[in-house]
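What follows draws every value from the coordinates through simple rules; no lab data is involved. All values reported here derive from a predicted model rather than from experimental measurement. Ideal geometry is used to build each Cβ from the backbone, glycine not excepted, and the neighbour counts take in all protein chains shown.
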Amino acid sequence: MMQNQRDGSNRRFMLVQLPEPIDPENKDQKVAVDYLDKLGKPRTIAEIMKERLRRAGKSIRERGEMFTGDVGFRVFKLASSNIHAWEPDKENLPETLQAAVEHLKTDRNEDDILVELLLKLGLELTVAVERKRIARKAVYNVGAGTLLVCLATQIGATEVEALALGIIGWHKELNPAGATTVVFRDSALADDVSKTNLTAILQQYGLENVRSL
């Protein structure tokens, strides 16, 4: 960050830190332990690393008024896929099929699913993400309109048109240079008719690439 400030460059870097526990009985680590306890954060080296980055970024900003570079950062943790693997039980196939209706893991949030989408579609994890409410649903704009995502758990039949038209309106505002992919949670849609209507409205206005998770 300091070198970027000095020469106006745009270096990019990744830090990897294991969540190694901090020992509260170690006098040399007591200040760190007390600080993390105050913040309500886990007592790990990784949490200390995050705070160092925040302070370093703040210091760079305060010392370099003309510096307009990025001193922010994002934190990712290694995890399994958000999607349940298909493991059919031949002895209880009806139950297996019923259980697979919602194939996204229920203990994952929208951010988790969005990150996996970026990885699967080959987009960088540093790409800009904007959130907006359309028809009372959260919709994400990724990469200035490259990807539009709605991960709402329920989209009623009467909400489909308003949601689709809202997404179309936002897409027109963004006016992306390339093609746009629109993604929905498959189990959110009330029925096949709703899914067909949603897709048809979007495609009618040029959003041809519509996917469901």
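See the values below:
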read-out: Pairwise label distance in nanometres, A138 with A157, each label 7 Å out on the Cα-Cβ vector; value: 2.8 nm
read-out: log₁₀ of I(q)/I(0) at q = 0.09, 0.10, 0.17, 0.18 Å⁻¹ - the chain, Debye sum with one point per alpha carbon; value: -0.54, -0.65, -1.18, -1.24
read-out: At R0 = 25 Å, FRET efficiency that the Cβ-Cβ distance of I60 and T126 yields, to 0.05; value: 0.90
read-out: Positive minus negative residues near K120 (Lys, Arg vs Asp, Glu; Cβ under 14 Å); value: -2
read-out: Mean shadow area of the range 102-212, taken as a quarter of the surface of its Cα convex hull (nm²); value: 6.5 nm²
read-out: GNM flexibility winner over the chain from L78, L123, L198 (Cα, springs under 10 Å); value: L78
read-out: Listed residue pairs exceeding 22 Å between alpha carbons, taken from K41/K77; K38/K105; K50/K77; K38/K58; value: K38/K105
read-out: Alpha carbon Rg of the range 2-63, scaled by the compact-globule rule 2.2 N^0.38 Å; value: 1.37
read-out: Relative contact order (percent, whole number), the chain, Cα cutoff 8 Å, 6+ residue spacing; value: 12 percent
read-out: Average Cα contact separation per residue, the range 1-84, under 8 Å, 6 or more apart, as relative contact order %; value: 31 percent
read-out: Net lengthening on full extension, E20/R6 (0.36 nm per residue, minus Cα-Cα); value: 1.7 nm
